[in-house]
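Shown next, in structure tokens, is the structure this report addresses.
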Amino acid sequence: MRLLGTVYGLFLLFCATVLVILANMGQLTGNMVARNIRLFSVQPYNDFENGKGTTSKYDSPIGQNNGIRPLYAWGLYNYCGGSTDYEILRCTPSKFGFTFNIVQAVVDDIPEKTNNINLPAIENQSSITNYTRAAFYLLFVGTILVGAAFLVSLLFHPAALSLASILTFLGFAVLVCGASIDTYFINQLKNHTLGIQSSMIEFGNALWMFWAAVGATLFAMPGLIGGAAAGHAETPY
């Protein structure tokens, strides 16, 4: 019974580790896996009358006034812009402590010779910047803790399982905080319009991966704790 419970905990911890790694990969590069993983996406194309300031050259460098893209997708470390089918994306350099700033991303793509495009500022952008930066660090630390917990648990020793249980709990707590912050502010952004018409902002699969990892770590803990307790009880002193 102890073995089954421990294996159950290890399996869930493995799932959590895979999920957080995949979530961290979102939008890092233009490869098939990374480009289809994002925390959230924005489609501002319809916000601009007659395609003003937009571009169909999706492979041009992003953030260099080459035209507004129909899609922007945010990962944990950067954002990308390009076609709505995610086939052609160009990404900004990855940055530690990355934050969400939709308006700035669009402004950086408006051609320099285009006039009369005024985007309303987001009133609480400073809060979004500060809190999503905090969420970045929480999710990053949570990823490290969950990965470390899984590696330690592979030793399958009572002491190792005890340590893995502690690391799993810490990872769970940190991931909950980080995912909650991002979920809250992405939901706030969904209520903001970039221009003439309402832009479409959607939650991304990376956010749900983090939440799924939260659930996996939560349910992994009983198996790990049970395995550690049973192992200590069976260990002669």
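Read the figures in this text as sums done on the coordinates, not as results from a lab. Everything numeric here is computed off the predicted structure, so don't read it as measured data. Positions of Cβ are backbone-derived with ideal geometry, glycine not excepted, and every protein chain shown enters the neighbour counts.
Of note:
- Globularity index of the range 1-141, i.e. its alpha-carbon radius of gyration over 2.2 N^0.38 Å: 1.27
- Selection from Leu28, Leu154, Ala105 lying farthest towards where the dipole of the chain points positive, charges on Cβ: Leu154
- Cα-only Debye scattering, the range 63-219: base-10 log of I(q)/I(0) at q = 0.15, 0.17, 0.19, 0.20 Å⁻¹: -0.85, -1.01, -1.18, -1.27
- Isolated cysteines of the chain, defined as having no other cysteine beta carbon under 4.7 Å away, are Cys15, Cys177.
- Excluding same-chain neighbours fewer than eight residues apart, the lysines reachable from Lys57 by a Cα-Cα span under 22 Å are Lys113.
- Debye, to nearest 20: dipole size of the chain, +1 on Lys, Arg Cβ, -1 on Asp, Glu Cβ: 220
- FRET efficiency, 1/(1 + (r/R0)^6) with R0 22 Å, evaluated for Phe203 and Ile21 via beta carbons: 0.65
- When the chymotrypsin sites (Phe, Trp or Tyr not before Pro) in the range 48-110 are filtered for DSSP coil states and for at most 14 other beta-carbon atoms within 10 Å of their beta-carbon, the remaining sites are Phe96.
- Efficiency of FRET between Asp108 and Leu154 - r from beta-carbon atoms, R0 41 angstrom, step 0.05: 0.35
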